[in-house]
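Asker: There's a structure below that I have some questions on.
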Amino acid sequence: MRRIIQFLFITIFTFNTYALRAGEGMWLPQLLKLLNESEMKSMGMKISAEDIYSVNKGSLKDAIVHFGGGCTSEVISGNGLLLTNHHCGYGQIQAHSTVENNLLKDGFWATSYKDELPNPGLTATFIDYIDDVTADALQGVTENMSATERQSRIDKNLAMVRSKYKIESYQNLMIRPFFDGNQYFAFVTTTFTDVRLVGTPPESIGKYGSDTDNWVWPRHTGDFSLFRIYADKNNKPADYNPNNVPYTPKHFLPISLDGVEEGDFTMVFGFPGRTNQYLPAAAISQITDVLNPAKIAIRETALNITDKYMRKDEATKIKYASKYASIANYWKKWVGESLGLKKSNAVQKKLDYEKEFQHRLPINSPYKTLLNDMGQLYAQITPLALANDYYSEVVLRNVDLTNYMASLKRLVAAYKNNGVSGYNDLLPRIKSMTLNFFKNYDHNIDEEKLEALIEMYVSNLDTKFVPPFLQKEHFGLQTHESMSYVVKNWYSKTQFNNVASAMTILEKDPDSAVASIQNDDLFKVIADWSDFNASNVSAHYNAIQKDIDLLQAKYTKAQMEVFKEKRFYPDANSTMRVTYGQVKGYIPRDAVYYEPVTYLDGVIEKYVPGDYEFDLSPRMLELYKAKDYGQYTDKTGKLPVCFLGSNHTTGGNSGSPAIDAHGNLIGLNFDRVWEGTMSDINYDADICRNIMVDARFILWTIDKYAQAGHLIKEMKLVHPKKRFKDTPGKVKK
């Protein structure tokens with residue numbers, strides 16, 4: 001710990017042009033006492049850093065859960081009740097939905113433990129403790145090593161680090177790099193595998209505004225759902241079993257009924273996915289000018305096709321709901337990110353920063369050519385990065401059957417490399433995936449998407465990155481002619497266009513099954529496409545990217561040495577972080593100010609009968625008309641729905657708790673504002689805001705709308721602004 005403290009200490013206390021403003025940063029919880037506690041208290045926090053992270057007693061970190069590996073959730077009762085976003089639980093809600101019993105449309109509320117629904121594959125992970133392992137990880141690593149040599153040495157060191165940990169059978173060890181590989185931390189975790197669906201509002205609440213309002217303020221979405229962790233009789237992780245019991249946590253979050261006001265302290269605790277705050281200008285130019293525009297265009301095309309079919313048929317809407325939401329989310333994020341980066345003049349800011357960086361370097365500094373070298377590498381990698389993104393977006397993300405074929409290719413590879421035993425080891429997973437895949441597949445949608453996207457792929461990439469067998473001349477087509485007939489032929493002849501045919505092949509003996517797979521025309525195309533991309537694009541891309549990563553590690557280290565007055569924080573990497581800020585509005589454009597709180601009145605103002613995004617149930621309208629808000633109003637008697645904070649968040653923070661000055665839940669993080677989506681790359685404290693569902697709206701929905709008061713009874717509701725006694729959330733034995 002002393003080494004990491006020394007490494008960071010010099011970057012904290014002197015501020016100038018490059019100093020951080022309150023709200024920026026994703027901080028490691030075990031370092032808050034040294035780096036952040038004083039500032040947090042000056043902003044209004046009443047608890048201590050020890051209350052947030054402790055290995056000796058229950059603390060806030062023991063209520064924070066990595067949900068399904070991609071979102072955050074939090075424990076809100078002594079019976080293992082989990083709160084997360086509706087969109088984080090969307091896949092599970094969809095899996096339990098049918099046309100006859102549509103949980104997406106109608107919602108669901110278990111009336112007892114026995115009614116709670118199991119979710120195979122869903123996990124809930126706690127952080128037990130965190131260790132600094134930097135010295136051991138970087139033992140023997142020198143500045144003159146190549147990227148391959150450096151990583152090889154680190155890999156060997158980390159293997160030694162792992163061997164020293166003695167963990168329980170239910171624990172796991174995860175080691176992650178920080179500051180682009182200049183630091184390493186080990187996380188000991190406990191993962192629960194029996195996580196059941198307890199409750200979800202209908203889409204008319206949980207997804208209100210849908211794609212139109214996504215990334216937008218003002219927001220009126222009740223984006224939440226409830227799950228529960230189950231454990232064995234010893235309160236330890238166990239696979240699903242009817243005899244499992246609700247988990248008893250070390251800590252859970254009480255819920256404040258006092259709500260928020262502008263200027264209130266807010267803390268968001270969770271598992272942010274990925275940020276890149278320390279990139280050079282060349283990297284940001286690549287993103288804004290080349291990569292984002294291409295990915296936006298591909299996804300927009302795929303989404304328009306899917307949406308056309310979803311609007312025609314309810315069963316199709318259910319099938320594609322989760323996939324559509326997932327694809328649309330980052331499509332819109334990239335649009336906002338590009339606009340924000342340009343509007344905030346991010347590239348020029350980086351160029352000015354780099355000019356100052358160069359100016360501060362001594363004449364004989366080993367970092368003198370660093371930025372120039374990085375610029376040359378980015379010029380080399382950009383066309384490869386574009387081709388790689390095109391392949392990933394077309395084959396692996398936006399067309400379902402081609403992605404499925406990529407999985408079959410792994411099965412064939414297992415057979416070729418390891419014979420029948422390798423094939424049989426992988427086969428159960430492929431069979432299970434096959435059954436799930438065809439539940440949410442429509443070949444008409446898929447075929448139309450591939451037709452459109454393959455046209456974009458062939459037309460927009462340099463021919464050297466397009467396989468010869470995909471070029472129009474190969475099929476005797478002129479440049480202006482469509483690939484429609486070719487794609488239709490593939491889909492009409494493939495043996496993998498329905499579940500019965502696919503499973504028939506997978507039930508064959510390995511030799512026969514592999515032969516059938518390899519003889520499939522569409523499989524041949526996708527397998528050859530994969531091989532072409534691997535050798536002609538990915539191999540060259542990865543080689544250059546290794547060199548870029550090595551220089552990025554040096555550049556990050558150099559920045560910390562050169563800008564001693566700047567306070568640095570590590571980029572997000574799906575590990576536990578704390579961000580803090582305040583309830584705060586913002587000015588998106590000239591003469592416009594956005595208030596930080598929205599109300600149920602705004603929900604009603606947006607109401608459009610029959611519209612899938614803005615329709616409301618009769619019950620919601622009745623409750624609004626009667627002003628039946630119970631104890632969940634603010635001082636004006638109105639029902640709050642969402643609020644803004646200046647917390648620095650990103651993907652992975654979905655489902656993160658918004659915590660008040662006393663350590664109580666006040667809201668649930670679920671989005672960012674459109675103007676500030678570039679915060680992963682260029683945080684701007686003036687316009688970067690996170691969006692949260694107000695805890696009182698969550699409680700009102702459960703209590704008044706769903707009439708599931710039994711769930712409210714197991715929570716702890718508090719009034720911290722009126723009085724604050726004891727440390728809340730302790731489970732009393």
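Asker: For residue 408, which of the numbered conditions (1) among the hydrophobic types (A, V, I, L, M, F, W, C); (2) surrounded by 21 or more Cβ atoms within 10 Å (Cβ to Cβ); (3) out of contact with any helix residue (DSSP H, G or I) (no Cβ under 8 Å at 6 or more places or on another chain) fails to hold?
Answerer: (3)
Condition check ((1) crowded, with 17+ Cβ neighbours inside 10 Å; (2) farther than 21 Å from residue 244 by Cβ; (3) touching a strand residue (DSSP E or B) at 6+ places or on another chain (Cβ under 8 Å)) across all residues:
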position	(1), (2), (3)
77	yes, no, no
126	yes, no, yes
144	no, yes, no
151	no, yes, no
169	no, no, no
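Asker: Within the stretch 46-94, track down each residue that is aliphatic (A, V, I, L, M) and part of a helix (DSSP H, G or I). Full working, then the answer.
Answerer: The first filter runs over the stretch 46-94 and keeps only residues aliphatic (A, V, I, L, M), leaving 47, 49, 52, 55, 60, 63-65, 75-76, 81-83, 93.
The answer is 49, 52, 60, 63, 93.
Asker: Can you name every residue in the stretch 114-130 that is in a strand (DSSP E or B) and either touching a helix residue (DSSP H, G or I) at 6+ places or on another chain (Cβ under 6 Å) or closer than 24 Å to residue 173 by Cα (or both)? Talk me through it step by step, then tell me what you get.
Answerer: So the first thing to find is which residues in the stretch 114-130 are in a strand (DSSP E or B), and the list is 117-118, 124-130.
Hits for the stretch 114-130 are 124, 125, 126, 127, 128, 129, 130.
Asker: Also: Of all residues in the stretch 430-482, which are under 29 Å from residue 385 (Cβ atoms), of a type outside the set (Lys, Arg) and either loosely packed, with under 12 Cβ neighbours inside 10 Å or touching a Pro at 6+ places or on another chain (Cβ under 9 Å) (or both)?
Answerer: Of everything in the stretch 430-482, those that are under 29 Å from residue 385 (Cβ atoms), of a type outside the set (Lys, Arg) and either loosely packed, with under 12 Cβ neighbours inside 10 Å or touching a Pro at 6+ places or on another chain (Cβ under 9 Å) (or both) turn out to be 459, 461, 462, 463, 465, 468, 473, 474, 479, 480.
Asker: Test each condition in (1) in a helix (DSSP H, G or I); (2) in contact with a Leu (Cβ under 6 Å, 6 or more places away or on another chain) for residue 545 and report the one that comes out false.
Answerer: All conditions pass for residue 545, except number (2).
Asker: Right, something else. Only one of these conditions is not met by residue 512: (1) touching a residue at least 40 places away in the same chain (Cβ under 8 Å); (2) more than 30 Å from residue 277 (Cβ to Cβ); (3) over 31 Å from the mean Cα position of the chain (by Cα). Which number is it?
Answerer: Unmet condition: (1).
Asker: Give me a count of the residues in the stretch 704-720 that are on the phi > 0 side of the Ramachandran plot and touching a strand residue (DSSP E or B) at 6+ places or on another chain (Cβ under 7 Å).
Answerer: Taking the stretch 704-720 as the starting set, the residues that turn out to be on the phi > 0 side of the Ramachandran plot are 707.
Applying the additional criterion that residues be touching a strand residue (DSSP E or B) at 6+ places or on another chain (Cβ under 7 Å) yields none.
Within the stretch 704-720, residues that are on the phi > 0 side of the Ramachandran plot and touching a strand residue (DSSP E or B) at 6+ places or on another chain (Cβ under 7 Å) number 0.
Asker: Same structure, new question: Could you look through the stretch 521-542, keep only residues that are closer than 22 Å to residue 418 by Cβ and in contact (Cβ under 8 Å) with a residue 40 or more places away in the chain, and pick out the one that is farthest from the chain's Cα centre (by Cα)?
Answerer: This residue is 523.
Asker: Related question: Might you check whether a residue that is more than 22 Å from residue 79 (Cβ to Cβ) and buried (at least 24 other Cβ atoms within 10 Å of the Cβ) occurs anywhere in the stretch 696-717?
Answerer: yes
Asker: Output the helices (runs of 4 or more DSSP H) that fall wholly within the stretch 419-523 and possess 1 or more residues being modelled with pLDDT under 95, or say none. Break it down stepwise before answering.
Answerer: On the way: elements: 443-460, 484-493, 499-506, 510-519.
Ranges flagged: 443-460, 484-493.
Asker: Counting only residues that are modelled with pLDDT of 95 or more and under 28 Å from the mean Cα position of the chain (by Cα), how many does the stretch 588-599 have?
Answerer: Initially, the stretch 588-599 is screened for residues modelled with pLDDT of 95 or more, giving 593-599.
Now restrict to residues that are under 28 Å from the mean Cα position of the chain (by Cα): 594-599.
Residues flagged as modelled with pLDDT of 95 or more and under 28 Å from the mean Cα position of the chain (by Cα) within the stretch 588-599 amount to 6.
Asker: Something else: Within the stretch 254-276, count every residue that is part of a loop (DSSP other than H, G, I, E, B) and in contact with a Ser or Thr (Cβ under 9 Å, 6 or more places away or on another chain).
Answerer: 7
Asker: Could you figure out which of (1) assigned to a strand (DSSP E or B); (2) under 30 Å from residue 703 (Cα atoms) isn't true of residue 111?
Answerer: Of everything listed in (1) assigned to a strand (DSSP E or B); (2) under 30 Å from residue 703 (Cα atoms), residue 111 misses just condition (1).
Asker: Continuing with the same structure: If I ask for residues that are of a type outside the set (A, V, I, L, M), without any contact (Cβ under 8 Å) to a residue 40 or more places away in the chain and surrounded by fewer than 15 Cβ atoms within 10 Å (Cβ to Cβ), which ones from the stretch 596-637 would you list?
Answerer: Of everything in the stretch 596-637, those that are of a type outside the set (A, V, I, L, M), without any contact (Cβ under 8 Å) to a residue 40 or more places away in the chain and surrounded by fewer than 15 Cβ atoms within 10 Å (Cβ to Cβ) turn out to be 601, 605, 609, 610, 611, 618, 622, 625, 627, 635, 636, 637.
Asker: Residues being surrounded by fewer than 17 Cβ atoms within 10 Å (Cβ to Cβ), part of a loop (DSSP other than H, G, I, E, B) and more than 25 Å from the chain's Cα centre (by Cα): count how many of those fall in the stretch 548-587.
Answerer: 2
Asker: Cβ-Cβ distance below 7 Å, separation of 6 or more or different chains: which pairs start in the stretch 692-703 with a residue that is at negative phi and end on one that is assigned to a helix (DSSP H, G or I)?
Answerer: Taking only residues 6 or more apart or on different chains, the pairs are 699/712; 701/205; 702/711; 702/712; 703/709; 703/712.
The values are calculated or read from the model by the stated rules, or taken from the named source; none is laboratory data. Every value quoted in this text rests on a predicted model; they were computed, and no experiment measured them. Cβ atoms come from the backbone with ideal geometry, glycine included; neighbour counts cover every protein chain shown.
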